[in-house]
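Chemist: One structure coming up, written as structure tokens, with questions to follow.
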Amino acid sequence: MAEVTPLDIAEEIRSLQLDSAASEVNGVINPEDAKPEEVEEVDKMEEDSNDNVTISTQEMQAETSKVKDKEVPVSEDVGAPVEMEEDNKKRHLNVVFIGHVDAGKSTTGGQILFLSGQVDDRTIQKYEKEAKEKSRESWYMAYIMDTNEEERVKGKTVEVGRAYFETETSRFTILDAPGHKSYVPNMISGASQADIGVLVISARKGEFETGYERGGQTREHVQLAKTLGVSKLLVVVNKMDDPTVNWSKERYDEIESKMVPFLKLSGYNVKKDVQFLPISGLLGTNMKTRMGKAICPWWNGPCLFEALDAIEVPPRDPKGPFRMPIIDKFKDMGTVVMGKVESGSVTEGDSLLVMPNKTVVKVLAVYCDENKVRCAGPGENVRVRLSGIDDEDILSGFVLSSVARPITAVTEFDAQLQILELVDNAIFTAGYKAVLHIHAVVEECEIVQLLQQIDPKTRKPMKKKVLFVKNGAIVVCRVQVNNLICIEKFSDFAQLGRFTLRTEGKTVAVGKVMELPLGYNS
């Protein structure tokens, strides 16, 4: 029998892609899924929950080295046009895995990659052997997502792991965020790029309680996810196969009944935007296919892949002014920047502006999920090779924006803040200092003036002059930073107008940008 070479396979894939793409209508991103009233509803909800955006300056590497065994080498030049056809066909969504440390986020992410054919049996056997040598037999699936040695030894995710998989209708980028409280800024960095959140909860006795109690990361992650614009949440109750649980309906219902009020409090519309389902990340049960009644007689709902496919997210505007917050940069035959396109589209040959330093750059090449493409639309995680700027002149938090309608760069702005929990019951007043996380920006800031307090019941401003506020208050205030930062009003670009304030490693407030000073427009 003739030996099949990788080139033959690549050729076959290419012809299949071209055939299927030819029958497709050339759309940029699948906006027909989302209904306008749903978008309005989401916006209204987000308005209610006074949320805002954050990101940490964390190196985020596309860790596809994990799945090299499965990748088919396609030469860049020949593959580029094909890749574009493929891009147009399937919608692209970013999924962030969040939850308390040890809930099973990396294991679940690893299992998804295995089930979707991104990792082969041989690699899994290698990881199993490695985990056994470390006396950590049950960690082998997590090794697919946790690639560095520190993560494997501790069994804790530190950086935001990144990988890709596809279902029948969608392409997904998995962002595996750290659950440990020391790495919350890294989790913020993952969540701010996500469209969908998968909140992983451990059903094991004692583990759910630890994550959910005050100080547990389940609570903080949910609040942050909402703030960061993760409007849809899948709550997966993991470790249902554990001997202390054994697919118990009582335990599943108990977890759901405790989580629902908290999710509502965090601003989620539980009926519309949240879905619960039981799984076993380690065994892969109820993930790619529905589980049989023999395992879990009471579950009639979908499996994880079906639930992910069914999620509808609001469309973004591919024709809007271009906005891409830069989360990382490196040198590679020019300067390469990484980030998620929040608005507009980027095409090879475009002239763009790097803000706030107002440098005009030219786009030499665009890459999506490791593949070279001609152009990329909103929602895509991209790497863009630029000419006209040195990588040393770019910082995380700078924004690649359109020349005609550049993003605003400011040192102060008015914001509406929801105070969550101040450290040591401090009072919140003018002079309060914190660390501001807004998209990829991390900057020290100071509250220079409290403008008005908002009544939480009526959502209208109170008449009395406000000098200080405490936990739970909603307040409009003026925020000042030392360096120019690129932001937008929440009403114009929600994703670039949400932020969080953190002090001593805790999230103390979430907010949204209401007004930018006049005359600041770049």
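The values are calculated or read from the model by the stated rules, or taken from the named source; none is laboratory data. Given the structure is predicted, the values throughout are model-derived calculations rather than measurements. Note that each Cβ is placed from the backbone with ideal geometry, even for glycine, and that neighbours are counted across all protein chains shown. Just so you know, the surface numbers come from the protein's heavy atoms only, side chains and all, with ligands and any DNA or RNA stripped out. Shrake-Rupley method; radii C 1.70, N 1.55, O 1.52, S 1.80 Å.
Chemist: How high is the relative contact order of segment 409-515, in percent, with contacts defined as C-alpha pairs under 8 Å that are six or more residues apart? Intermediate values should be presented prior to the final figure.
Modeler: Values: 267 pairs, mean separation 42.8, N = 107.
Computed over segment 409-515, the figure is 40 percent.
Chemist: Determine the dipole magnitude for segment 323-402: charges of +1 sit on the beta-carbon of Lys and Arg, -1 on that of Asp and Glu, nothing else is charged, the reference point is the Cα centre, and the result goes in debye to the nearest 20.
Modeler: On the way: 10 positive and 12 negative charges, 37 e Å.
Using only the charged Cβ atoms, the result is roughly 180 debye.
Chemist: Then there's this: Largest first, what is the accessible-area ranking of S116, S202 with a 1.4 Å probe?
Modeler: Values: S116 30, S202 5 Å².
Reading off the accessible areas and sorting them downward yields S116, S202.
Chemist: Set the bar at 19 Å for Cα to Cα. Now go through K90/K272; K470/K506; K105/K232; K205/K258; K319/K358; K105/K288 and name every pair that lies beyond it.
Modeler: On the way: K90/K272 24 Å; K470/K506 16 Å; K105/K232 17 Å; K205/K258 14 Å; K319/K358 22 Å; K105/K288 16 Å.
Violating the 19 Å limit, Cα to Cα: K90/K272; K319/K358.
Chemist: Let me ask something additional. If you count, for each residue, the other Cβ atoms within 10 Å and average over each peptide, how do 430-438, 107-115 line up from highest to lowest? Spell out each step's value before the answer.
Modeler: Working: 430-438: 20.2, 107-115: 25.7.
Put in order of decreasing packing, that is 107-115, 430-438.
Chemist: Mind ranking E306, E209, E488 by accessible surface for me, highest first, 1.4 Å probe? Each step should come with its number before you reach the end.
Modeler: On the way: E306 75, E209 45, E488 15 Å².
Order by accessible area, largest first: E306, E209, E488.
Chemist: Can you give the accessible area of K249 in Å² (nearest 10), computed on protein heavy atoms with a 1.4 Å probe?
Modeler: 80
Chemist: Heavy atoms of the protein only, probe of 1.4 Å, neighbouring chains included. What is the accessible area of D393 in Å², nearest 10?
Modeler: 80
Chemist: Sorting check: for 341-351, 444-454, which peptide has the highest mean count of neighbouring beta carbons within 10 Å, and how do the rest follow?
Modeler: Details: 341-351: 19.2, 444-454: 17.5.
Result, highest mean first: 341-351, 444-454.
Chemist: How much accessible area does T210 have with a 1.4 Å probe, in Å² rounded to the nearest 10?
Modeler: It works out to around 80 Å².
Chemist: Describe numerically, in nm with one decimal, the distance between label points set 7 Å from Cα along Cα→Cβ at M462 and at L265.
Modeler: Once both label points are built, they end up 2.1 nm from each other.
Chemist: Based on the mean of other beta carbon atoms within 10 Å per residue, what is the order of 92-101, 497-506, 271-280, 417-426, most packed first? Display every interim value, and only then the final one.
Modeler: Details: 92-101: 25.2, 497-506: 21.5, 271-280: 19.7, 417-426: 16.3.
In decreasing order of mean packing, 92-101, 497-506, 271-280, 417-426 become 92-101, 497-506, 271-280, 417-426.
Chemist: Give me the extension gain from T359 to I427: residue separation times 0.36 nm, minus the current Cα-Cα distance, reported in nm with one decimal. Display every interim value, and only then the final one.
Modeler: Working: separation 68, 0.36 × 68 = 24.48 nm, distance 4.15 nm.
That pair, T359 and I427, stretches by 20.3 nm at full extension.
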